[in-house]
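The values are calculated or read from the model by the stated rules, or taken from the named source; none is laboratory data. Owing to the predicted nature of the structure, the values given are computational and were not obtained by experimental measurement. Reconstructed Cβ throughout: ideal geometry from the backbone, glycine too, with neighbour counts over all protein chains shown. Areas reflect the complete protein model, heavy atoms only, side chains present, ligands, DNA and RNA absent. Shrake-Rupley method; radii C 1.70, N 1.55, O 1.52, S 1.80 Å.
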Amino acid sequence: MNETKYMNPYLAGFFLGLILLATIFITGRGLGASGAVKSGVVAAVSSVAPGHAADSKFYSDYSKEHPDGPLKNWLVFEVLGVLVGAFVSGLVSNRLNFKLERSARITTKVRIAASLVGGLLFGLGAQLGRGCTSGAALSGMAVLSTGGLITMMAIFGGAYMFAYFFRKLWI
């Protein structure tokens, strides 16, 4: 069996820091993914129910802030670039395959359901907290924001608390 080669995590963290610094310098703000999801939701609602989007304060305010359309937000292109980059990285390193990792104690259906529920809760938390891990925590900590530090502590603290209850699904 061939050993899988990964990038040195310290070097990867250094490169992430450089990208974050360049993003702040070029755009005036940090990285983030939840804004792209919000843009996608606004575009979908505006297409499916334009009357509702026009009558809703949130959607109409968002449309005024993005007069060229919600999908022309740079965060949408950032997330698309992450997806394309991940695909190319997997292709180049010969790690491109569909694989569902799970413990022998749970079924595939439980694993998928738990992932979907966890992702939905994390997305809801990102909207309530006005940012995701990359936007609120990483970018916030990069500019020494107290909110960024608190967000990072809350994310890791919450993960450790929930891990206690869900560890039996993995161990």
| field | FRET efficiency, L149 to D61 (Cβ-Cβ, R0 35 Å, nearest 0.05) | value | 0.75
| task | Calculate what fraction, in whole %, of the accessible area of the chain sits on carbon and sulfur atoms when a 1.4 Å probe is rolled over the protein chains. | result | 69
| message | Can you compute 3J(HN,Hα) from phi for each residue in the stretch 107-122, using the Karplus curve 6.51 cos²θ - 1.76 cosθ + 1.60 with θ = phi - 60°, rounded to whole Hz and x for Gly and Pro? | response | 8, 4, 4, 5, 4, 5, 4, 5, 5, 5, 5, x, x, 5, 5, 5
| said: Just to make sure I understand: if all protein chains stay in place, what is the order of D61, D55 by accessible area at 1.4 Å, largest first? | reply: D55, D61
| task | Could you tell me the number of lysine pairs in the stretch 59-171 with C-alpha atoms less than 23 Å from each other, where the two lysines are 8 or more residues apart or belong to different chains? | result | 4
| request: Measure nothing fancy, just the Cα-based angle from helix 146-166's long axis to the longest principal axis of the chain, in degrees from 0 to 90, nearest 10. | output: 50
| note | Under a Gaussian network model of the chain whose springs join Cα atoms within less than 10 Å, the largest fluctuation of S34, S134, S60 belongs to S60
| message | How much accessible area per residue does the chain have, counting only protein heavy atoms and a probe of 1.4 Å, in square angstrom? | response | 76
| So which trypsin sites (Lys or Arg not before Pro) in the stretch 13-93 are both in a DSSP loop and have at most 16 other Cβ atoms within 10 Å of their Cβ? | R29
| note | For the chain, one quarter of the surface area of the C-alpha convex hull, expressed in nm², comes to 13.3
| message | Calculate the FRET efficiency for Y160 and L96 from the Cβ-Cβ distance with a Förster distance of 35 Å, rounded to the nearest 0.05. | response | 0.65
| request: For the stretch 132-144, take each phi angle, set θ = phi - 60°, evaluate the Karplus expression 6.51 cos²θ - 1.76 cosθ + 1.60, and give the result in whole Hz per residue in order, putting x for glycine and proline. | output: 9, 4, 6, x, 7, 8, 5, 5, x, 5, 5, 9, 6
| said: Whole-Hz ³J(HN,Hα) for each residue in the stretch 5-14, computed from phi via Karplus 6.51 cos²θ - 1.76 cosθ + 1.60 with θ = phi - 60°, x for glycine and proline: what do you get? | reply: 9, 10, 5, 4, x, 5, 5, 4, x, 5
| said: Run the paramagnetic zone check for I106: 7 angstrom along Cα to Cβ, then residues of the stretch 130-171 with backbone nitrogen under 17 Å. | reply: 159-171
| Once both labels are modelled 7 Å past Cα along the beta-carbon direction, what's the M7-A114 spacing in nm? | 2.9
| For L71, what is the net charge nearby, where nearby means another residue's Cβ is under 13 Å from its Cβ and Lys, Arg count +1, Asp, Glu -1? | 0
